[in-house]
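The values are calculated or read from the model by the stated rules, or taken from the named source; none is laboratory data. Quantities reported herein were computed from a predicted structural model and do not represent experimental measurements. So basically every Cβ, Gly included, is an ideal-geometry build from the backbone, and we count neighbours across all protein chains shown. Surface areas here come from the heavy atoms of the whole protein model, side chains and all, with no ligands, DNA or RNA. Shrake-Rupley method; radii C 1.70, N 1.55, O 1.52, S 1.80 Å.
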Amino acid sequence: MAKGQYVTEEGLAKLREELNDMITVQRPAISRAIAEARDKGDLSENAEYDAAREAQGLLELKISKLQDLIANAIIIDESKLSTDKVGMLSKVTVKNLKTGAKMVFTLVGESEANLAQGKLAASTPIGKALFGKSKGEVVDVNAPAGIIKFEILDISL
């Protein structure tokens, strides 16, 4: 059984839309491509057929993984969120104590992570270090480049 991932209602809706697209649009398109390639004759030397079959296998794997993710999703109850400690959906302002750089992250589940939008997966080294901490605390992040110290300046929603 797969481990559940935290998602928002919005994130779950996006996952469901993506799954629906795979099942209702992409799957039939691949089936048509397989049928067209099959109609071209000898399957033993038909690269189009092989490519379409491979694409079908990859799509079915993606569909299976997405169905599993949706089935095991843990929906975040936004009404129970607090700004006392860093948790899921917390918007955290941190200061890198070595460089003085300030950064703002919102902790989200892996499926919603997007660093360009400031959405950081809670399962990352920074996310894990911040989780459960309070404003004013200094955390050590074990990054590939070594230990990075961050001070938590603010926690909001």
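Could you compute the FRET efficiency for Asp140 and Lys80, with r as their C-beta to C-beta distance and R0 at 30 Å, rounded to 0.05?
According to the calculation, E is roughly 0.60.
Counting only protein heavy atoms, what percent of the accessible surface of region 59-157 is carbon or sulfur at a 1.4 Å probe?
So the carbon and sulfur contribution to the accessible surface is 53 percent.
Hey, in the GNM for the chain with a 10 angstrom Cα cutoff, which one of Thr106, Thr83, Thr24 fluctuates hardest?
Thr24
Which residues' amide hydrogens lie under 5 Å from the amide hydrogen of Leu89, considering only partners 5 or more residues apart or on another chain, with H built in the peptide plane?
Hits under the 5 Å cutoff: Leu107, Val108.
In the structure shown, do any of Lys65/Lys102; Lys98/Lys119; Lys65/Lys98; Lys62/Lys95; Lys65/Lys128 have a Cα-Cα gap over 30 Å, and if so which?
Long pairs (Cα-Cα over 30 Å): Lys65/Lys102; Lys65/Lys98; Lys62/Lys95.
So what is the 222 nm mean residue ellipticity for the chain from helices alone, if each DSSP H run of at least 4 adds -39500 (n - 2.57) and you divide by all residues, rounding to the nearest 500 deg cm²/dmol?
-12000 deg cm²/dmol
Please list the equivalent ellipsoid semi-axes of region 27-157, computed as the square roots of five times the alpha-carbon gyration tensor eigenvalues, in descending order and whole angstrom.
46, 18, 10
Along Cα→Cβ, 7 Å out, is where each label goes; now give me the distance between the ones at Glu45 and Asp154 in nm to one decimal.
6.9
Please work out whether region 44-88 counts as rounded, prolate or oblate from its C-alpha gyration tensor, where a ≥ b ≥ c are the square roots of the eigenvalues and a/c under 1.5 means rounded, while otherwise a/b larger than b/c means prolate and anything else oblate?
Note, shape of region 44-88 comes out prolate.
Under a Cβ-only charge scheme (Lys and Arg +1, Asp and Glu -1), can you give me the dipole magnitude of region 1-68 about the Cα centre, in debye to the nearest 20?
It comes to approximately 220 debye.
Given H placed on each backbone N at 1.01 Å, which residues far from Tyr6 in sequence or on other chains put an amide H within less than 5 Å of it?
Here Ile74, Glu110 satisfy the definition.
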